[in-house]
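The values are calculated or read from the model by the stated rules, or taken from the named source; none is laboratory data. Remember, it's a predicted structure, so these values are computed and weren't measured experimentally. When we count neighbours, we look across all protein chains shown, and the Cβ atoms used for this are built from the backbone with ideal geometry, even at glycine. In case anyone asks, the SASA skips ligands and DNA or RNA and just uses the protein heavy atoms, side chains included. Shrake-Rupley method; radii C 1.70, N 1.55, O 1.52, S 1.80 Å.
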Amino acid sequence: MTVDPTAPALRTRGHRVRASVAASGWLALAATLLPDGLPLRWVPVLLFVCLGPGLALLHPQPRGLRPGARLEAFALAAPLSLALAALTATFLFLIGGFSVPAFLVPLAAFTTAAALLPGLPLPAATKGAVAPADAESFLPRERGPGGGR
């Protein structure tokens, strides 16, 4: 078996980020085995619930992220993660089966699956967000007689 030297390395930055996001949920679940009240128990769980699923959905972009899109992905990761956490917790409360492990296992499984797939397309920041020269501006303009367009 020969190795193609032009093939991308397996341990690129993108693969490391995907792997760390995929493993973050399982790390949070393992942290719940620590004694109560330790910061090593609640910090990984809090970070995972607030950012893990959202980063898994948004980060693995096919062409990488531009600097503006990195901020956009990070800003959208928290609301997405918290929305998925709220849906999961609500479902578990409705069926009467809420517990921390029962809450973290579906989120960790979802995060792992989402980290293996390409990320959701981000709006303007991945496309350059530059308006064409002939595009209309949002600046006020003078209206004709009658105030119409």
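Scan region 92-112 residue by residue and report those that are in contact (Cβ under 8 Å) with a residue 12 or more places away in the chain and surrounded by 11 or more Cβ atoms within 10 Å (Cβ to Cβ). Step through it out loud before you land on a result.
Step one: list which residues in region 92-112 are in contact (Cβ under 8 Å) with a residue 12 or more places away in the chain, which gives 100-101, 103-112.
Across region 92-112, the qualifying residues are Val100, Phe103, Leu104, Val105, Pro106, Leu107, Ala108, Ala109, Phe110, Thr111, Thr112.
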- Exclusive hit being modelled with pLDDT of 95 or more, assigned to a helix (DSSP H, G or I) and in contact with a Phe, Trp or Tyr (Cβ under 8 Å, 6 or more places away or on another chain), set Leu107, Leu82: Leu107
- Quick one: what pairs do we get from region 24-47, first residue hydrophobic (A, V, I, L, M, F, W, C), second open to solvent by 80 Å² or more (accessible area, probe 1.4 Å), C-beta under 6 Å, 6+ apart or different chains? Leu34/Leu40
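Conditions tested, residue by residue: (1) of a type in the set (Lys, Arg); (2) surrounded by 15 or more Cβ atoms within 10 Å (Cβ to Cβ); (3) modelled with pLDDT under 95.
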{"site": "Leu33", "(1), (2), (3)": "no, no, yes"}
{"site": "Val49", "(1), (2), (3)": "no, yes, no"}
{"site": "His59", "(1), (2), (3)": "no, yes, yes"}
{"site": "Arg63", "(1), (2), (3)": "yes, no, yes"}
{"site": "Arg66", "(1), (2), (3)": "yes, yes, yes"}
{"site": "Leu71", "(1), (2), (3)": "no, no, yes"}
{"site": "Leu76", "(1), (2), (3)": "no, yes, yes"}
{"site": "Ala86", "(1), (2), (3)": "no, no, no"}
{"site": "Thr90", "(1), (2), (3)": "no, no, no"}
